[in-house]
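The values are calculated or read from the model by the stated rules, or taken from the named source; none is laboratory data. Being a predicted model, the structure only gives us computed values, none of them experimental. Cβ: placed from backbone, ideal geometry, glycine included. Neighbour counts: every protein chain shown.
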Amino acid sequence: MFERCFSEEGIRYVLDTGETIENYPDDIPYPSRLILGRRGLRPVHIVVVDNNEDNEIILITVYEPDSRQWKVDFRRRKK
């Protein structure tokens, strides 16, 4: 996240305000999901794991989605 210039504050903001756009319920050891948010005009994708047993969210990765791979709204992948 630091290599991609995302601050902890920015990540927390996206987690609080973002929208889950994909769910991966069969991921192991915990289900994960892809969240879309924005920091200013910058779109952000965050992949997190939901560890409900310990009531925690674990950050896997954060990145700015590539417009060549995602539709203009960054919610759906291009085919």
**Asked** Taking the condition at pLDDT 90 or above, under 18 Å from residue 76 (Cα atoms) and out of contact with any helix residue (DSSP H, G or I) (no Cβ under 9 Å at 6 or more places or on another chain), does residue 51 pass?
**Response** no
**Fill in**
Those residues of segment 20-57 which are under 11 Å from the mean Cα position of the chain (by Cα) and in contact (Cβ under 8 Å) with a residue 24 or more places away in the chain amount to 21, 32, 36, 37, 38, 43, 44, 45, 46, 48
**Complete:** Scanning segment 25-52 residue by residue, those out of contact with any Ser or Thr (no Cβ under 6 Å at 6 or more places or on another chain), within 25 Å of residue 9 (Cα to Cα) and of a type in the set (D, E, K, R) turn out to be 38, 39, 42, 50
